[in-house]
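A.B. asks: Sharing a structure, written as structure tokens. Questions coming.
Any read-out appearing in this document is the output of simple, stated calculations on the displayed coordinates, not a laboratory observation. Everything numeric here is computed off the predicted structure, so don't read it as measured data. Every residue, glycine as well, gets a Cβ built from its backbone with ideal geometry; the counts of neighbours run over all protein chains shown.
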């Protein structure tokens, strides 16, 4: 038969504290798992966004390279045309003019329309005309904008993931308090730990809720 004098009876109020701490422990554990899950998802979004940014930037560089090549073609054909005109070689000038790129022709026609009988070659060049546009440059600029947008989205996703991770730190502190409170027999000490735990727990829940409302759930 056990000696009842050796049994430690719980102090008044201890079972209630145990229940409260158990509830906090459960919610904090689930919240920690949720924050870790969200941080992992946002890190995945970040990787996708950064990958798209790199893809768009590569395509932008390729479009710029093609645009530069097209401008070089326009310049070389135009210089050849100028040389033929200066030598009164109309056949060669017509030959080169037929081979102008379609994007260059509107600017050339607007420029050549300014010539007169005394000046067969107008001042300036077609490249200074507003009609001269290279579609690849516009495509490159658009791709660069998309690259920047994806990069910024990736940075935002990274920030969101970091914020969720920081929430796990707060919940970890709560879990720590839930694990150590039972080491003290004094009800007052346990109540003091409960107050600290509730404050930290409330802050962690508030920050998690605010983050969910601001960035959404994925």
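A.B. asks: Take 95, 177 and order them by how many other Cβ atoms sit within 10 Å, fewest up front.
C.D. replies: Ranked by crowding around the Cβ, least crowded first: 95, 177.
A.B. asks: Hey, another quick one. For Kirkwood radius over Cα pairs in Å, the listed values are (1) 24.2; (2) 19.6; (3) 18.8; which was obtained by calculation from the structure presented?
C.D. replies: (1)
A.B. asks: Which one of 136, 55, 105 has the biggest mean-square fluctuation once the chain is modelled by GNM with Cα springs under 10 Å?
C.D. replies: 105
A.B. asks: Could you calculate the contour length gain from residue 20 to residue 183, that is, 0.36 nm times the residue separation minus the distance between their Cα atoms, to one decimal place in nm?
C.D. replies: Once the chain is fully extended between residue 20 and residue 183, it gains 57.1 nm.
A.B. asks: Moving on to the next point. Compute the acute angle (0 to 90°) between the alpha-carbon long axis of helix 14-86 and the principal axis of greatest extent of the alpha-carbon atoms of the chain; round to the nearest 10°.
C.D. replies: Between the helix axis and the principal axis of the chain, the angle is about 10 degrees.
A.B. asks: Quick one: order 137, 56 by neighbouring beta-carbon count within 10 Å, fewest to most.
C.D. replies: If I rank by nearby Cβ atoms, fewest first, I get 137, 56.
A.B. asks: Please compute the modelled spin-label separation between residue 30 and residue 206, points set 7 Å along Cα→Cβ, answer in nm with one decimal.
C.D. replies: The answer from the label model is 2.2 nm.
A.B. asks: Suppose each label sits 7 Å from its Cα in the direction of the beta carbon; what would the residue 214-residue 41 distance come out to in nanometres?
C.D. replies: That separation, rounded to one decimal, is 1.8 nm.
A.B. asks: Could you check which residue among 144, 97, 59 shows the biggest mean-square fluctuation in a GNM of the chain with a 10 Å Cα cutoff?
C.D. replies: Of 144, 97, 59, the Gaussian network model singles out 97 as fluctuating most.
A.B. asks: Shifting gears a bit: Can you compute the modelled spin-label distance between residue 89 and residue 66, with each label point 7 Å from Cα toward Cβ, in nm?
C.D. replies: The modelled label-to-label distance comes out at 3.3 nm.
A.B. asks: Please work out the C-alpha center-to-center distance from region 141-218 to region 61-134 and express it in whole Å.
C.D. replies: Between the Cα centres of region 141-218 and region 61-134 lies a distance of 63 Å.
A.B. asks: Where in region 151-192 does the amide nitrogen come within less than 12 Å of the point 7 Å from the Cα of residue 199, taken along Cα to Cβ?
C.D. replies: Output list for this probe position: 192.
A.B. asks: Helix-derived [θ] at 222 nm for the chain: sum -39500 (n - 2.57) over DSSP H runs of at least 4, divide by residue count, nearest 500?
C.D. replies: Counting only the DSSP helices, I get -27500 deg cm²/dmol.
A.B. asks: Once you've got the GNM for the chain with C-alpha springs shorter than 10 Å, pick whichever of 152, 88, 167 has the biggest mean-square fluctuation.
C.D. replies: So, out of 152, 88, 167, the one fluctuating most is 88.
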